[in-house]
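To keep things clear, I will list the structure first and then write my remarks on it.
The values are calculated or read from the model by the stated rules, or taken from the named source; none is laboratory data. This is a predicted model, so every value here is computed, not measured. Cβ coordinates were reconstructed from backbone atoms using ideal geometry, including for glycine residues, and neighbour counts include every protein chain displayed.
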Amino acid sequence: MKISWRVLLFVLFWGSSVFSEGFAAKAQEVVKPRTIVTTDGESDDKCSFVRFMLYTTDFDVEGLIYTNSMWHLKGNGTQWMHNYIDEYSKVYNNLMVHHSGYPTADFLKSRLYVGQMDEVGLASVGEGKDTPGSDRIVEVLLDDDPRPIWLQAWGGLNNICQAFYRIKTSHPDQVEKVSQKARVYAIAEQDDLKEWLQREMPDVMYILNGVQFWRVIAYSWDRRNPMQEHEIYTEKWLKENIKSKGPLGRLYERQLMEEGDSPAFFHLMKTGLRSHENPAWGGWGGRFEQHGPGNFWRDAKDDGDNTKPLWRFIVPISEDFAARMDWSVNDEYDDANHPPVVKIKQGEEFIVKAGSKVKLKASATDPDDDELTTRWWQYHEAGSYEGKVEIDKPEKGKIKLSIPQDASGKTIHLIFEVKDNAIHPFTRYKRIVLNVE
């Protein structure tokens, strides 16, 4: 469906029959995630960091920590992020034209810390193993801000685990609070601390992306997914859309799109999919399922494929990157594209009765007056209802649903997807969760 940004398709639920059947809405609080990145500075980490800086509008950066891994025993230096942020400072004014939420280069530098660079894994956790990096993690986990802290492991888990060790030994009364506050998103197993983390801090949410990143966005020689022939994976596309775009583009040192660690922050990006609310919901950072012991999550499958949760979004992810790179080199708002705004007026989570009829409408506007293409789709694997929900005219903003009788006690996830018509398009979403009673 093609619509102008001036067309409003208001989200509402109408008809006394709907409300009389016990239809209720739950408002979703929108908060900015807090995050700390630990990185061993491998070549693909550096490319991930180029993209990361373009998305610092979407989360509060509390720490950027140099560390090592089993693959890079001494890391890759403790200056390269400083240098990259210097290049970011050269395009900061341009970026601010397109989004007012960018932190200054000085702010980002104030979040730089050196972590463990000498010892790896279990040998790096214990008394006498504290580092400025692990100390920063402790400080943030113990502060009074109630928001979760997303601890991204682009390298080893050592600084993260050392922080947990210090809290257990020096602040034992804070372990329960920290266990609820910390969220670990690790790219692969880059040391031998997985079992330590599961044993010592079993209640901490620990997401291990072990397959999705590897086959979709890591090094090209390991790429295995149905989209691998798409132009986004070509040297030509990367050169034209990323590497040729000013100071940040020149930092991108790979010849193909190779950023194994980027899904760790894709998970937090403000797309409307709300994936950071529940790892099983799925989004740009992949989808995961709980896999004991403790609060441990691993790659989940969509349609039986444990890479699909990420590759199904890889094209809009890449188009989004190219559009933000345009921001870095254009000092006029009208010379670049900007994401559409999608709204659900009555909220994003509802209680519905099995067998009831539901009517929904969604709204979409575009700041550049681009035409928009819209569609509704059911994210089957994200919900607990395994059956199919028929969506009447899914390309329209207004849809009708019949809630199946056998869906009682289950959840149904509906996605409203909006894409603008631009050279480098943006795609945004709203997720509606139907709780069937």
Practice problem: Evaluate the following for Ser134: is it over 30 Å from Met325 (Cα atoms) and in contact with a helix residue (DSSP H, G or I) (Cβ under 6 Å, 6 or more places away or on another chain)? | Solution: yes
Quiz item: With respect to the numbered conditions (1) out of contact with any Cys (no Cβ under 8 Å at 6 or more places or on another chain); (2) more than 23 Å from Ala300 (Cβ to Cβ); (3) not small (Gly, Ala, Ser), which one is the sole condition not fulfilled by Phe213?
Solution: (2)
Quiz prompt | region 70-91, residues that are surrounded by fewer than 16 Cβ atoms within 10 Å (Cβ to Cβ) and outside any loop (DSSP other than H, G, I, E, B) | solution = Gly77, His82, Asn83, Asp86, Ser89, Lys90
Self-check item: Output for region 135-157, where each listed residue is without any contact (Cβ under 8 Å) to a residue 60 or more places away in the chain and more than 21 Å from the chain's Cα centre (by Cα)
Solution: Asp135, Val138, Glu139, Leu142, Asp143, Asp144
Quiz item: Given the conditions (1) under 23 Å from Thr234 (Cβ atoms); (2) surrounded by 20 or more Cβ atoms within 10 Å (Cβ to Cβ); (3) touching an Asp or Glu at 6+ places or on another chain (Cβ under 7 Å), and given that Ala422 satisfies all but one, which numbered condition is not satisfied?
Solution: (2)
Practice problem: List every residue pair whose Cβ atoms lie under 8 Å apart, where the two residues are 6 or more positions apart in sequence or sit on different chains, the first residue falls within region 329-340 and is in contact (Cβ under 8 Å) with a residue 40 or more places away in the chain, and the second residue, located anywhere, is among the aromatic types (Phe, Trp, Tyr). | Solution: Ala336/Trp327; Asn337/Phe426; His338/Phe426; Pro339/Phe426; Pro340/Trp5; Pro340/Phe426
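What strands (runs of 3 or more DSSP E) lie completely within region 304-362 and have 3 or more residues being more than 21 Å from Ala382 (Cβ to Cβ) and at pLDDT 95 or above?
Once the strands (runs of 3 or more DSSP E) in region 304-362 are filtered for at least 3 residues that are more than 21 Å from Ala382 (Cβ to Cβ) and at pLDDT 95 or above, nothing remains.
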Practice problem: State whether one or more residues within region 118-133 are modelled with pLDDT of 95 or more, within 30 Å of Glu277 (Cα to Cα) and hydroxyl-bearing (Ser, Thr, Tyr). | Solution: no
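For region 156-234, give me every one of the helices (runs of 4 or more DSSP H) that falls completely inside it and has 1 or more residues that are surrounded by fewer than 18 Cβ atoms within 10 Å (Cβ to Cβ) and assigned by TED's automatic domain parsing to the domain that holds Glu139. Steps first, please.
Numbers: elements: 158-170, 175-181, 194-200, 212-216.
Result: 158-170, 175-181, 194-200.
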Exercise. Could you pull out the residue among Val120, Val114, Val97 that is touching a Phe, Trp or Tyr at 6+ places or on another chain (Cβ under 6 Å) and closer than 13 Å to Asn158 by Cα?
Key: Val114
Practice problem: Report, by residue number, each residue of region 92-135 that is on the phi > 0 side of the Ramachandran plot and assigned to a loop (DSSP other than H, G, I, E, B). | Solution: Gly126, Gly128
Quiz item: Any chance region 392-400 includes a residue that's within 23 Å of the chain's Cα centre (by Cα) and not in a loop (DSSP other than H, G, I, E, B)?
Solution: no
